[in-house]
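> Before I ask anything, let me first share the structure, which is written out below as structure tokens.
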Amino acid sequence: MKTRARISEMLSDHTIDYADDGHQGISKISLNQYDLIITDQHMPNLSGIEMLEYFDGKGSKTPIIMCTTECDPNLKSRGSSAGVNYWIIKPFNILGFYNLITDIFRDRALY
């Protein structure tokens, strides 16, 4: 099962929005307010980090999870500068991922 499908199933009791590439992600983030952003480094047209750098947070306190196969410390540092709060290496343990999201929502009183 693909990562997107696994996450969707796990969060089925929440409203979920999708972006098929980094450009669409920028549009959606600019037009909507989200409780959590989950992105991938390897998206078409713009990487997850490029998308977030373009968006530049604009004062948002929205937590951001980066799901990726990349573990380069320089890339992680760049992601952190772009607003990434959590860097998750794929493949990941779905239960651990669910627990992370539950903790984020609990900290923000959303769960």
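The values are calculated or read from the model by the stated rules, or taken from the named source; none is laboratory data. Please read these numbers as outputs of a predicted model, since none were measured by experiment. Here Cβ is always computed from backbone atoms with ideal geometry, including for glycine, and neighbour counts include all displayed protein chains.
> All but one of (1) at positive phi; (2) at pLDDT 90 or above; (3) out of contact with any helix residue (DSSP H, G or I) (no Cβ under 9 Å at 6 or more places or on another chain) hold for Thr69; state the number of the condition that does not hold.
Unmet for Thr69, out of (1) at positive phi; (2) at pLDDT 90 or above; (3) out of contact with any helix residue (DSSP H, G or I) (no Cβ under 9 Å at 6 or more places or on another chain): (1).
> Do you know which of the residues in segment 16-59 that are polar (S, T, N, Q) and assigned to a helix (DSSP H, G or I) is nearest to Phe92 (Cα to Cα)?
Only one residue fits best here, namely Gln24.
> Please work out which residue is nearest to Leu100 (Cα to Cα), limiting yourself to segment 64-89 and to residues that are in a helix (DSSP H, G or I) and not small (Gly, Ala, Ser).
Lys76
> Go through segment 76-109 residue by residue and tally those that are hydrophobic (A, V, I, L, M, F, W, C) and under 14 Å from Ile37 (Cα atoms).
9
> Return the only residue of Gly57, Gly83 being surrounded by 11 or more Cβ atoms within 10 Å (Cβ to Cβ), at pLDDT 90 or above and on the phi > 0 side of the Ramachandran plot.
The unique qualifying residue is Gly83.
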